[in-house]
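J.: A single structure is presented below for examination.
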Amino acid sequence: MLRRVVLTGLGAVSACGEGAEALWSAAREGQAVVRQAGFEDENGKPYSAYRIPDFAAEKYVTQRKSLKVMARDIQLAVASSVLAMRDAGVNGGAASEAGRRGVVVGSGVLNHELDELAQSVSECIAGDGRLDLRKFGEEGIPGLFPLWLLKYLPNMPACHVSILFDLQGPNNTLTAGTSSGLQAVGEALRIIQRGDADLMLAGGAESKLNPVGYAEYKGLGLLSSEGSYRPFDQHSRGFALGEGAAFVVLEELEHARRRGARIYAEVAGYGASSGDAREVSLKAALKDSGIAPSDIGHLQASGTGLPSEDLAELAAYAEVFFEHPGILPVSCAKPVTGFTGFASGPLELVVSANVIAEGYVPPIAGLEHPRAVSPVLDLVRQGRPAALRHAMTHVSGINGQSATLVLRRWEDGR
Amino acid sequence: MKSGPRRVVITGTGAVTPLANTVSETWKALLAGRSGVGPITLFDASTFPTRIAGEVKGLDMNRWRKIRPEGDRLGRNSIFALEAVSEAMAQAGLGRLEGTQAERTGIYFGAGDGGFDFVRYAGILKEAMTDTVSVNVPVYLQQTLKRMDARALLEQEPSQVVNHLSDHTGARGPVSNCLTACAASSQAIGEAAEIIRRGEADVMLSGGTHSMIHPLGVAGFNLLTALSTRNDDPEGASRPFDKERDGFVLSEGSGVVVLEELEHAKRRGAPILAELAGYGCTADAYRLTDPRPDGGGAIRAMRQALEDAALKPSDIHYVNAHGTSTELNDQVETAAVKEVFGRAASDLPMSSIKSMLGHMIAAAGAVELIASALAIRDGVLPPTINYRTPDPSCDLDYVPNTARRKNVSVVLSNSFGFGGQNIALVVRRCEEARS
């Protein structure tokens, strides 16, 4: 029989604030707070989005030297991993356990800071307005920050976290688009199941809330014009930018029991598929959990807010839950956090863990006119208590793959 | 095998390397001890500290740009991967995937990020510098939205490679990509094998692809003083384990393997090259770029891979080294191998094909695994070329300069990366293949 895995720590940093409780209380109330992002848009207007309020990395990273080589995404990753380990009550741990602990992170391209490059690059522009590479080689390169490359390597969040907590076991960085963060949790589950570790930190971090990220999403036509975020609504035309990170602590059941850890939920199963095969990942997660569609009591949806993707996602749910005898409540946390890319899955999983622990189904903030109506899906507009045993979290869309994770309510003494 | 009875074999291989654009031609060149390193031609590097690299040559890039939708935006990394996947699938006897086969086939790659138009981007930055210290963001945004193609910017994301691959091959099973620096494609292959072992897929397309031969890539590594600057002797620049080594040589390309569950492969009569028998993965948790001086992480990774394959150190016949040609790696890897294999280490041949290929970064491990499997098939070990001056701290048998005939059945392949990533894979002859 496979080793059982439970969730024992939650850490989150998002527009809702720092800590998993801040995220849950905002999600529970469907409360979205949009703030000034700290830069102006192409029209010179201050841009507003889902910015983390007053984030100070120094609170989590005590070594100033380390801070200098961390892109904002890395800082957020470290902060939320600290929060998750604190929540799990794991401190350092015996050196002999270091090899049995690891980390998996969902990541990708980390946006650089404009001024860092601009300084040395702008002095190497020739008369025709083009970069003179010869001049750049001679004068530009020496002007760059020597550790520039390390500040932005996608696997550096996992590296910093592993050093901080002395995690010498399995270490991986998934860069598969927006599903990366939830895939990281799924792979951490597999690593513990197969016996390669007893405790894993898993999560994701992203901040594209900067001019480089904004330009890319704006250019791709993915941003909602009104700055609002209303997944699954007929009037939704895209997403609003957010930033954040979430990490969870996964632990082998007996390991968690031995140290008397609080258990949020059991991780029941996981499924993955290519991006267009959402139903394959949904069915794989059910099969892996050994349950039927009718056993799912709540679904945390991806909801990118792009019309075609919202429709495709709802169609996949309708197909998989076709035989669901009741009506499945569906929530979506993105209107509360904004679009957070690699971090979105873990942030939504933190919400799901609270859904199942507290027995409360949160609303989809801002939803007025659902894009599609299905006899088996209830796109929740009013939060409400609900007794449920299994909660599903699904991430797909925006050039990402599909990933689905199932949590099972933890009943003591089982 | 601890994860259950499902065994994983290699049924197809593909490669695009600085030596050649197929597996068989690359292998021939490796056995001949040829170097694929030369002066950088992809951009004007004439004033860069490093002006040499291992570039892919003679590949018809336009073929893929015509075949694929949005083909004109494809990065070199995606084109290399599409080419190598095609070779590997053809070898494995797989066409475009449909129906159940598509759902039971996944992709797990260690693809690196795609390059971008740095020269154009620099022009935009300049225009947006309305004073001498900082960028005027509205101007930057106006210029970027006007002059940069957003879909081309998106191609920088390493996830785009697997998006293209799943779309092109039809694979609908588990799809992922890991980017764990220089260990990425080895880790991808290890994790892909785990997916097959636990039954989530029957076939996995795995490997890696990368090109960092662009101004920012070379500049970034130069700033870290990681690259060889032996610009006057490109072919002699990558010299793993040699006392005169002065850094690694950046190169590019792709390596792909088709991994398949043994019974599945036998049922469809697929050609079985070798069995992927063991996988080990650890972290140094030490420093951002330096390995643990005692090689602790590397040692544990090798031991895990052996344990996973249910083998003893004495079962290993050849080690395909990470062997980057940097001062630190070669020393620590040598010490780690000596710790794992004890006194037998001095009789254990260990070579680095990076001496010929340069360092393909995320793609390196996959090509090295393919070479490991071919060493078993052909009974010949590729050499470490440019080995002239022994280093007292690197005193193993590195198969210096010329390939060596030797029957080997079990090979260990190491990959270590920035960030303290340690991966070891064990590949062995598959006896079932003959029955």
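J.: Which numbered condition trips up B:Thr132, out of (1) over 20 Å from A:Phe145 (Cα atoms); (2) within 9 Å of chain A (Cβ to nearest Cβ)?
T.: The number of the failed condition is (1).
J.: Still on this structure, I have one more. Residues of the range B:25-74 being under 17 Å from the mean Cα position of the chain (by Cα), surrounded by 23 or more Cβ atoms within 10 Å (Cβ to Cβ) and of a type outside the set (A, V, I, L, M), which ones?
T.: If the condition is that a residue be under 17 Å from the mean Cα position of the chain (by Cα), surrounded by 23 or more Cβ atoms within 10 Å (Cβ to Cβ) and of a type outside the set (A, V, I, L, M), then B:Thr26, B:Trp27, B:Gly36, B:Gly54 are the ones that fit.
J.: Can I ask one more? Take the conditions at pLDDT below 95 and in the same structural domain as A:Gly195 (by TED's automatic domain parsing) and apply them to A:Gly93. Does it pass?
T.: Numbers: at pLDDT below 95: yes; in the same structural domain as A:Gly195 (by TED's automatic domain parsing): yes.
Taking the combined requirement at face value, the residue satisfies it.
J.: To continue, here is another question. Give the residues of the range B:135-156 that are assigned to a loop (DSSP other than H, G, I, E, B) and more than 8 Å from every other protein chain (Cβ to nearest Cβ), sorted by residue number.
T.: Quick first cut of the range B:135-156, residues assigned to a loop (DSSP other than H, G, I, E, B) only: B:135-136, B:148-149, B:155-156.
Listed by number, the residues that qualify are B:Asn136, B:Glu155.
J.: I'd like the residue in the range B:116-138 that is buried (at least 21 other Cβ atoms within 10 Å of the Cβ) and touching a helix residue (DSSP H, G or I) at 6+ places or on another chain (Cβ under 7 Å) and, out of all such residues, is nearest to B:Glu252 (Cα to Cα). Before you say what the answer is, go through the steps one by one.
T.: Step one: list which residues in the range B:116-138 are buried (at least 21 other Cβ atoms within 10 Å of the Cβ), which gives B:122-125, B:128-129, B:135, B:137.
So of that shortlist, the ones also touching a helix residue (DSSP H, G or I) at 6+ places or on another chain (Cβ under 7 Å) come out as B:122, B:124-125, B:128-129, B:135, B:137.
On the way: B:Ala122: 24, B:Ile124: 28, B:Leu125: 28, B:Ala128: 33, B:Met129: 34, B:Val135: 33, B:Val137: 34 Å.
The residue in question is B:Ala122.
J.: Please work out if A:Leu182 is hydrophobic (A, V, I, L, M, F, W, C) and surrounded by fewer than 24 Cβ atoms within 10 Å (Cβ to Cβ).
T.: Values: hydrophobic (A, V, I, L, M, F, W, C): yes; surrounded by fewer than 24 Cβ atoms within 10 Å (Cβ to Cβ): no.
No: the conditions fail for A:Leu182.
J.: Tell me which residues, restricted to the range B:42-73, are within 14 Å of chain A (Cβ to nearest Cβ) and part of a loop (DSSP other than H, G, I, E, B).
T.: Selection gives B:Leu42, B:Phe43, B:Asp44, B:Ala45, B:Ser46, B:Thr47, B:Phe48, B:Pro49, B:Thr50, B:Arg51, B:Pro69, B:Glu70.
J.: Taking the conditions exactly as written (touching a Lys or Arg at 6+ places or on another chain (Cβ under 8 Å) and within 11 Å of chain A (Cβ to nearest Cβ)), does B:Ile107 satisfy them or not?
T.: Working: touching a Lys or Arg at 6+ places or on another chain (Cβ under 8 Å): no; within 11 Å of chain A (Cβ to nearest Cβ): yes.
The answer is no for B:Ile107.
J.: Select from the range B:157-171 the residues that are at the interface with another protein chain (Cβ under 7 Å from one of its Cβ atoms) and part of a loop (DSSP other than H, G, I, E, B) and write down the one among them that is nearest to the chain's Cα centre (by Cα).
T.: The residue in question is B:Pro158.
J.: Right, here's the next one. Going through the range B:277-305 one residue at a time, which ones are closer than 10 Å to B:Ala424 by Cβ and either among the hydroxyl-bearing types (Ser, Thr, Tyr) or not assigned by TED's automatic domain parsing to the domain that holds B:Ser393 (or both)?
T.: Of all residues in the range B:277-305, those closer than 10 Å to B:Ala424 by Cβ come to B:278-282, B:298-305.
The answer is B:Tyr279, B:Thr282.
J.: Any residue at all in the range A:255-275 that's within 14 Å of chain B (Cβ to nearest Cβ), part of a loop (DSSP other than H, G, I, E, B), of a type outside the set (A, V, I, L, M) and within 22 Å of the chain's Cα centre (by Cα)? Break it down stepwise before answering.
T.: Looking only at the range A:255-275, we keep the residues that are within 14 Å of chain B (Cβ to nearest Cβ), and these are A:269-275.
Checking which are part of a loop (DSSP other than H, G, I, E, B) leaves us with A:274-275.
Among the residues that remain, those that are also of a type outside the set (A, V, I, L, M) are: A:274-275.
When the remaining residues are screened for being within 22 Å of the chain's Cα centre (by Cα), the result is A:274-275.
Scanning the range A:255-275, I find at least one residue that is within 14 Å of chain B (Cβ to nearest Cβ), part of a loop (DSSP other than H, G, I, E, B), of a type outside the set (A, V, I, L, M) and within 22 Å of the chain's Cα centre (by Cα), so the answer is yes.
J.: Sticking with this structure for a sec: Being of a type in the set (Val, Ile, Thr) and in contact with a strand residue (DSSP E or B) (Cβ under 6 Å, 6 or more places away or on another chain) is the filter here, so list the residues in the range A:53-106 that pass it.
T.: So the first thing to find is which residues in the range A:53-106 are of a type in the set (Val, Ile, Thr), and the list is A:61-62, A:69, A:74, A:78, A:82, A:90, A:103-105.
If the condition is that a residue be of a type in the set (Val, Ile, Thr) and in contact with a strand residue (DSSP E or B) (Cβ under 6 Å, 6 or more places away or on another chain), then A:Val103, A:Val104, A:Val105 are the ones that fit.
J.: Quick check: anything in the range A:47-68 within 11 Å of another protein chain (Cβ to nearest Cβ), surrounded by fewer than 22 Cβ atoms within 10 Å (Cβ to Cβ) and in contact with a helix residue (DSSP H, G or I) (Cβ under 6 Å, 6 or more places away or on another chain)?
T.: The answer is no; no qualifying residue exists.
J.: Wholly within the range A:287-396, which helices (runs of 4 or more DSSP H) include no fewer than the required count, namely at least 1 residues that are farther than 24 Å from A:Val6 by Cβ?
T.: A:307-320, A:334-337
J.: Here is a follow-up. Collect the residues in the range B:172-228 that are polar (S, T, N, Q), in a loop (DSSP other than H, G, I, E, B) and more than 8 Å from chain A (Cβ to nearest Cβ), keeping them in residue-number order. Working first, answer last.
T.: Keep residues of the range B:172-228 that are polar (S, T, N, Q), which gives B:176-177, B:180, B:185-187, B:206, B:209, B:211, B:222, B:225, B:228.
Next cut, in a loop (DSSP other than H, G, I, E, B) only: B:180, B:211, B:225, B:228.
Scanning the range B:172-228 gives B:Ser211, B:Thr225, B:Ser228.
J.: A further question follows. Say whether the condition of being outside any helix (DSSP H, G or I) and without any contact (Cβ under 8 Å) to a residue 60 or more places away in the chain is met by at least one residue in the range A:111-120. Give the steps one after another, and end with the answer.
T.: Start the filter on the range A:111-120 by keeping residues that are outside any helix (DSSP H, G or I), which leaves A:111-113.
Now restrict to residues that are without any contact (Cβ under 8 Å) to a residue 60 or more places away in the chain: none.
No; the residues of the range A:111-120 include none that is outside any helix (DSSP H, G or I) and without any contact (Cβ under 8 Å) to a residue 60 or more places away in the chain.
J.: Report, by residue number, each residue of the range B:74-101 that is assigned to a loop (DSSP other than H, G, I, E, B) and either among the charged types (D, E, K, R) or outside the structural domain of B:Ala15 (by TED's automatic domain parsing) (or both).
T.: B:Arg96, B:Glu98
The values are calculated or read from the model by the stated rules, or taken from the named source; none is laboratory data. Keep in mind that this is a model prediction, so the values were computed, not measured. Note that we place each Cβ from the backbone using ideal geometry, even for glycine, and neighbour counts take in every protein chain shown.
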